[in-house]
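A quick write-up on the structure given underneath.
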Amino acid sequence: MRAVIPAAGIGKRLRPHTLNVPKVMINLAGKRLIGHVLDAVENAGVSSVSVIIGYKGEQVEEYVNRYYSHLRLDYPYQSERKGLGHAVLQGLEDKDEGVLILLGDTVFDVDFKGFVNSGENAIAVVKVEDPRRFGVAEIDKDDTVTNLVEKPENPRSDLALAGMYYFNDQRVLKAAIEKLIADDIKTRGEYQLTDALQLMIENGEKIRAIEINGWYDCGTKESVLDSHRFLLNHHLSTEHSNGSIIHPPVFIHAEAIIKDSVIGPNVTIDKRAKVTGAIISETIVGKGSVIKNMILSDSLIGDHAQVEGETRAINVGDYSEFKLN
């Protein structure tokens, strides 16, 4: 079985943190976001992975090659952003082989092995309060998908597509996306994966909707911190207190320096960061950053930033300097 992971996005809503790195390279709980996705792929039994790259894709390729070289990897380049369907197509092959598709900027709360071993074409869905912002699945009493609509104005279902899909035969999906492009079928100006799946359904393919516990799309500062919180609470955290007070769960890199501070809960402090006289919770501190005499909560601090003074919540990008005298 193989996997396709679209990871070409720019991450405009996360600026300034994505000015120097692509969104999938943001650090969450001591690991890059794409790393968490690849861990999930491995847990599902996948051995061959296509990571679709674009914006600053060389950083993604370098990281994945360094830590996941035991997988069979390739990196199709999406030179034009023409929608999720177009992105997925770059990684599909003309082979009678199952394929798992996971969005590279999303963290999932799901049993991955159970999802891919159901023996059926499957899409992950989550109940949401406002389905208008998502692709929406309509299902019958047996959880078989009867209709898919991308961001409907008048949704007939509250089941949103969560960004995880499994197909027994990737050739069928490939043919559906190619037909979208050949017939220039677009929704909101893009070739949508949702529309390709709808074509498959209309051609007689059965797709089962599997409701999962939740997902975090990491598209905004708030959703990044939500994902961070989930990962810290579902994975082993590490602590290097050096006399400071630690409230788990946290990830503190072994090369970080923490003095006279209170850290946690839900904090990541990356490699070579220095924290002195600070109280920090619900925050990610990038590598090489310096935090001094601060009270921080619900904050993102980029790499090599310097933050001194006293405040409550800030959003500081790489190499920035913030001081309150």
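The values are calculated or read from the model by the stated rules, or taken from the named source; none is laboratory data. What you see is a predicted model, and the numbers here were worked out from it, not measured in a lab. Every residue, glycine among them, receives a Cβ derived from its backbone with ideal geometry; neighbour counts consider all protein chains shown.
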By residue number, the members of segment 137-163 that are outside any loop (DSSP other than H, G, I, E, B), more than 12 Å from Ile207 (Cβ to Cβ) and modelled with pLDDT under 90 are Val149, Glu150, Ala160, Ala162, Gly163
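Take the residues in segment 1-33 that are closer than 14 Å to Tyr63 by Cα and touching a strand residue (DSSP E or B) at 6+ places or on another chain (Cβ under 6 Å); name whichever of them is surrounded by the most Cβ atoms within 10 Å (Cβ to Cβ). If you could, list the steps in order and put the result at the bottom.
First, pick out the residues of segment 1-33 that are closer than 14 Å to Tyr63 by Cα: 7, 21-27, 30-33.
Still in the running and touching a strand residue (DSSP E or B) at 6+ places or on another chain (Cβ under 6 Å): 7, 24-25, 30.
Values: Ala7: 28, Val24: 32, Met25: 21, Gly30: 19.
Ranking the qualifying residues of segment 1-33, first place goes to Val24.
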Taking segment 270-299 and keeping only residues that are surrounded by 23 or more Cβ atoms within 10 Å (Cβ to Cβ) and either touching a His at 6+ places or on another chain (Cβ under 9 Å) or among the β-branched types (Val, Ile, Thr) (or both), one is left with Ala273, Val275, Ile280, Thr283, Ile284, Val285, Gly286, Ser289, Ile291
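Looking for whichever is assigned by TED's automatic domain parsing to the domain that holds Ile177, within 17 Å of the chain's Cα centre (by Cα) and at positive phi here; the options are Ala44, Ala29, Ala87. Which one fits? Spell out the reasoning first.
Values: Ala44 fails: at positive phi; Ala87 fails: at positive phi.
Within the list Ala44, Ala29, Ala87, the selection yields Ala29.
Specify which of the listed residues (Val49, Val60) is closer than 10 Å to Ala7 by Cβ and modelled with pLDDT of 85 or more. Step through it out loud before you land on a result.
Values: Val49 fails: closer than 10 Å to Ala7 by Cβ.
So the residue among Val49, Val60 that is closer than 10 Å to Ala7 by Cβ and modelled with pLDDT of 85 or more is Val60.
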Per the filter on segment 114-135, residues under 13 Å from Ile210 (Cα atoms) and not polar (S, T, N, Q) are Gly114, Phe115, Val116, Gly119, Glu120, Ala122, Ile123, Ala124, Val125, Val126, Lys127
Ser69 meets each of (1) more than 15 Å from the chain's Cα centre (by Cα); (2) outside any strand (DSSP E or B); (3) of a type in the set (Gly, Ala, Ser); (4) under 27 Å from Ile181 (Cα atoms) with one exception, condition (4)
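Please work out if Gly104 is part of a loop (DSSP other than H, G, I, E, B), surrounded by 19 or more Cβ atoms within 10 Å (Cβ to Cβ), assigned by TED's automatic domain parsing to the domain that holds Asp195 and not basic (Lys, Arg).
Working: part of a loop (DSSP other than H, G, I, E, B): yes; surrounded by 19 or more Cβ atoms within 10 Å (Cβ to Cβ): yes; assigned by TED's automatic domain parsing to the domain that holds Asp195: yes; not basic (Lys, Arg): yes.
Yes; evaluated as a whole, the condition is true for this residue.
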